[in-house]
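Here the structure comes first, spelled out in structure tokens, and everything after it is commentary.
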Amino acid sequence: MGLGPRSPHKVGRRFPAGGKRGRGAKGSGRPSPGRERQPRPPPVGLSERAPDSHPHLSPEALGYFRRALSALKEAPETGEERDLMVHNIMKEVEAQALALSTNRTGSEMLQELLGLSPLKPLCRVWAALRSNLRTVACHRCGVHVLQSALLQLPRLLGSAAEEEEEEKEEEDGNDGPTETLEELVLGLAAEVCDDFLFYCGDTHGSFVVRTLLQVLGGTVLESERARPRGSQSSVCDLPAAHVLNLPSEAQRAPARECKPADFEVPETFLNRLQDLSSCFLKDIAVFITDKISSFCLQVALQVLHCKLPQFCAHLCNAVISYLSTCSSSVDGSPLLLFLRDQTSSRLLEQVLLVLEPPRLQSLFEEHLQGQLQTLAAHPIANFPLQRLLDAVTTPELLSPVFEELSPVLEAVLAQGHPGVVIALVGACRRVGAYQAKVLELLLEAFHCAEPSSRQLACVPLFATLMAYEVYYGLTEEEGAVPAEHQVETASARALGEVTVLGSLLLQHLLHFSTPGLVLRSLGALTGLQLLALAQSPAGSHVLDAILTSPSVTRKQRRRVLQNLKGQYVALACSRHGSRVLDAIWSGAALGARKEIAAELGEKNQELIRDAFGHHVARNVALTTFLKRREAWEQQQGAVAKRRRALNSILED
């Protein structure tokens with residue numbers, strides 16, 4: 001597992017790192033081309049419906065809405081004609097809202113129409129669906145329509161007051177009174193609250209509960225904003241793990257990646273949020289042990305942590321109290337049993353992330369101290385342990401945690417749980433303690449501590465999560481004196497595949513207070529090896545860390561990046577490399593910019609023809625550089641002057 005012959009673990013394999021969580025993609029039916037004139041409304045009647053089944057859209061109705069959506073997209077963004085089109089289309093939607101919501105293609109089009117709809121038409125469609133709430137919320141297509149309607153609140157709440165005033169004046173016998181957006185949301189929340197356990201436990205209905213909790217709290221989590229419109233997937237609403245490359249048999253998505261987008265909500269929303277959250281306490285056992293219901297509680301904790309932290313702490317205490325007294329454990333706290341369970345461990349991950357530092361400290365001392373090595377080795381419990389490490393912010397907590405885990409870093413890596421090691425390194429970076437010690441332990445774990453010449457090779461080893469002997473294909477007898485590092489052999493070897501976790505490890509180390517050893521290893525890479533690092537999807541972020549870390553001086557940064565000379569064209573013509581080159585350009589002095597531009601100018605035509613290179617050429621103003629050098633230098637000098645002025649303001 002990436003360990004050399006001197007390890008007691010199996011020889012000749014790399015440290016395991018599996019695949020990351022994915023999400024099912026939607027199938028979208030593309031609307032046929034339309035014209036800006038309004039399409040003819042569909043026939044009044046729907047196709048025949050069987051008893052106790054959902055209403056079905058006739059082919060004519062489906063064709064009408066497809067043409068209507070296409071025409072609306074092509075119409076001017078503002079104007080009386082567009083307003084009339086929207087009004088007429090939404091009138092037809094209102095009449096057939098249930099049929100559209102429960103049809104796969106129709107629901108996708110309805111979601112798009114809701115995203116284009118003004119406040120009043122949306123409210124009428126919402127009201128039309130409310131009498132069939134359970135049918136829509138628990139339907140595999142209808143649930144996404146309700147979610148889309150709820151997610152329009154950040155867009156519409158700001159304009160609600162003005163439009164509602166206009167609405168009161170415009171009400172007549174034809175349209176009748178319409179409930180306000182606030183009233184519709186509160187009504188939905190009341191209906192969900194009345195049958196809370198049912199909606200939370202339903203595979204599709206739980207999505208509505210989770211979205212409703214976010215909307216009431218005025219915060220939309222990143223997982224909601226990232227979901228493709230019209231997705232019919234029933235995948236659990238948890239954020240994708242883009243920083244952890246986890247084993248496929250226990251894929252986890254770290255909740256810390258949920259970055260909320262806040263918006264203003266009425267006080268009544270927060271009151272209703274507290275009412276809904278109180279429902280969790282009535283059946284806390286169900287929400288801890290049931291897989292579907294547990295997701296609702298996890299989202300509630302994230303929202304409450306931002307908006308009602310005291311109530312969040314109350315919920316966390318209820319969870320911990322229940323689990324602590326629920327069962328007995330022969331090897332310690334009863335909580336340890338639930339850390340090993342697939343469902344309750346996910347909830348405990350979220351609890352660990354939202355606990356306040358004093359409560360987290362007491363939780364560790366009462367339930368987890370002395371058990372961290374066992375948890376690190378467990379295929380499920382190692383994930384809550386990672387969240388505990390992510391939540392560490394004080395030296396008082398880091399000290400006992402580090403003392404307990406530091407002796408087993410190599411064993412944890414060999415067991416295929418590198419996320420634990422990365423999280424521990426991240427905690428050392430965040431707290432600013434044990435940084436030199438953890439780096440020393442990493443060198444030992446990757447078999448490059450002794451002889452000291454091997455330390456120069458630490459970057460390729462960390463990046464690929466491979467021990468020294470495995471990376472360089474050496475065979476050494478157990479107990480034999482380790483061979484010296486051969487610089488010529490290392491230079492001739494192409495850089496191995498950079499893993500996501502390896503990249504994250506290097507990023508943490510580059511933000512340590514003294515990243516000198518890692519920078520020396522980076523400086524020892526050849527131009528082609530550094531180019532491969534910059535062109536890698538994961539490795540390119542290591543270059544970002546070099547450019548942004550406050551611990552890296554300009555001199556150290558320049559010493560590493562000078563190895564890229566002669567590789568700028570290849571860098572510019574790469575998807576990830578071009579982004580790195582743009583970042584290098586942004587921070588470069590005028591002299592360095594001249595060197596880069598001169599090298600790129602030799603391949604100007606090649607850059608212009610390349611999909612990524614032509615963006616770099618435009619950013620560098622390469623045509624101006626080649627034809628009007630003096631004007632280019634004046635332009636770049638002015639840019640550098642503005643950047644220095646901005647930096648001085650930020651420093652003050």
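The values are calculated or read from the model by the stated rules, or taken from the named source; none is laboratory data. Because the structure is a prediction, the values reported are computed rather than measured. Here the Cβ is made from the backbone with ideal geometry for all residues, glycine too, and neighbour counts use every protein chain on show. These area figures cover heavy atoms from the full protein model, side chains too; ligands, DNA and RNA do not enter into them. Shrake-Rupley method; radii C 1.70, N 1.55, O 1.52, S 1.80 Å.
Using θ = phi - 60° and the Karplus curve 6.51 cos²θ - 1.76 cosθ + 1.60, what whole-Hz ³J(HN,Hα) does each residue of region 435-443 get, with Gly and Pro shown as x?
5, 5, 5, 5, 5, 4, 5, 5, 4
Can you tell me which of 547-560, 205-218, 407-420 comes out highest on packing, and rank the rest after it, using the mean Cβ neighbours within 10 Å?
In decreasing order of mean packing, 547-560, 205-218, 407-420 become 205-218, 407-420, 547-560.
Once you've got the Cα coordinates, tell me which of Lys282/Lys307; Lys565/Lys627; Lys555/Lys627; Lys565/Lys603 are over 26 Å apart. Working shown, then result.
Values: Lys282/Lys307 21 Å; Lys565/Lys627 23 Å; Lys555/Lys627 32 Å; Lys565/Lys603 14 Å.
Result: Lys555/Lys627 exceed 26 Å.
Suppose the chain between Arg104 and Ser551 were pulled fully straight at 0.36 nm per residue; how much longer would it get relative to their current alpha carbon spacing?
155.6 nm
Tell me, what is the Rg over Rh of region 330-403, with Rh the Kirkwood radius over Cα pairs?
Details: Rg = 11.2 Å, Rh = 12.2 Å.
When Rh is taken as the Kirkwood radius, the ratio is 0.92.
Considering only C-alpha atoms, what is the centroid distance from region 391-467 to region 79-140, in Å?
54
Using Cα-Cα distances under 8 Å and only pairs 6 or more residues apart, what relative contact order does region 589-651 have, in percent?
With pairs under 8 Å counted, the relative contact order is 30 percent.
Between Glu267 and Asn317, what FRET efficiency follows from the Cβ-Cβ distance if R0 is 22 Å, with the result rounded to 0.05?
Details: r = 25 Å, r/R0 = 1.16.
Working from the Cβ atoms, E equals 0.30.
At 1.4 Å probe size, with no ligands or nucleic acids counted, give the accessible surface of Arg493 in Å², nearest ten.
80
Taking the highest mean first, how do the peptides 101-107, 458-464 order by number of other beta carbon atoms within 10 angstrom per residue?
Numbers: 101-107: 21.9, 458-464: 25.9.
Most protected by this proxy first, the peptides run 458-464, 101-107.
Given the peptides 428-440, 600-612, arrange them by the average over their residues of other C-beta atoms within 10 Å, most packed first. Each step should come with its number before you reach the end.
Values: 428-440: 17.6, 600-612: 15.5.
Listed from highest to lowest mean packing, they are 428-440, 600-612.
Measure off, as a whole percent, the carbon and sulfur share of the 1.4 Å-probe accessible area of region 589-651, all protein chains present. Working shown, then result.
Values: 2200 of 4200 Å².
About 52 percent, which is the carbon plus sulfur part of the accessible surface.
Quick one: pull the percentage of alpha-carbon pairs in region 589-651 with a separation above 17 Å.
43
Output wanted: per-residue J couplings in Hz (rounded whole) for region 337-342, from phi through Karplus 6.51 cos²θ - 1.76 cosθ + 1.60, θ = phi - 60°, x for Gly and Pro.
These are the phi-based 3J(HN,Hα) values: 5, 6, 5, 9, 8, 4 Hz.
What's the FRET efficiency of Cys326 with Thr394 using the Cβ-Cβ distance as r and R₀ = 25 Å, to the nearest 0.05?
Numbers: r = 29 Å, r/R0 = 1.16.
So, using R0 = 25 Å, E works out to roughly 0.30.
Counting only protein chains, not ligands or nucleic acids, how are Asp202, Asp290 ordered by accessible area (probe 1.4 Å), most first?
Asp290, Asp202
About the Cα centre of region 519-587, what is the dipole size in debye to 20, counting +1 per Lys and Arg Cβ and -1 per Asp and Glu Cβ, all else neutral?
280
Kindly report the accessible area of region 589-651 per residue (heavy atoms of protein chains, probe 1.4 Å, no ligands, DNA or RNA), in Å². Walk me through the numbers on the way to the answer.
Working: 4200 Å² over 63 residues.
Per residue, region 589-651 has 67 Å² of solvent-accessible surface.
In Å², and per residue, what accessible area does region 69-114 have when probed at 1.4 Å with the other protein chains present?
That works out to 40 Å² for each residue.
Determine Rg/Rh for region 547-615; Rg is computed over alpha-carbon atoms and Rh is the Kirkwood hydrodynamic estimate from the same atoms.
Working: Rg = 12.2 Å, Rh = 12.5 Å.
Rg/Rh: 0.98.
For Ala480 and Ser452 in one chain, what is 0.36 nm times their gap in residues minus the Cα-Cα distance, to one decimal in nm?
Separation in residues times 0.36 nm, less the Cα-Cα distance, equals 8.5 nm.
Please give the contour-minus-distance gain from Gln369 to Glu403: 0.36 nm per residue of separation, less the Cα-Cα distance, rounded to one decimal in nm.
11.2 nm
Convert each backbone phi in region 528-536 into a coupling constant with the Karplus relation 6.51 cos²θ - 1.76 cosθ + 1.60 (shift: θ = phi - 60°), then list the ³J(HN,Hα) values in order as whole Hz, x for Gly and Pro.
With the stated coefficients, region 528-536 comes to 5, 5, 5, 4, 4, 5, 5, 7, 6 Hz.
Evaluated at 20 °C with a viscosity of 1.002 mPa s, what Stokes-Einstein diffusion coefficient in µm²/s does region 268-327 have when Rh comes from the Kirkwood expression over alpha-carbon pairs? Can you show the working numbers first?
Working: Rh = 11.7 Å.
Rounded, D is 183 µm²/s.
Testing the spin-label approximation: label points 7 Å from Cα along Cα→Cβ at Asp544 and Arg618. State their distance in nm.
2.2
Could you tell me which trypsin sites (Lys or Arg not before Pro) in region 335-427 are loop residues by DSSP with no more than 13 other beta carbons within 10 angstrom of their beta carbon?
none
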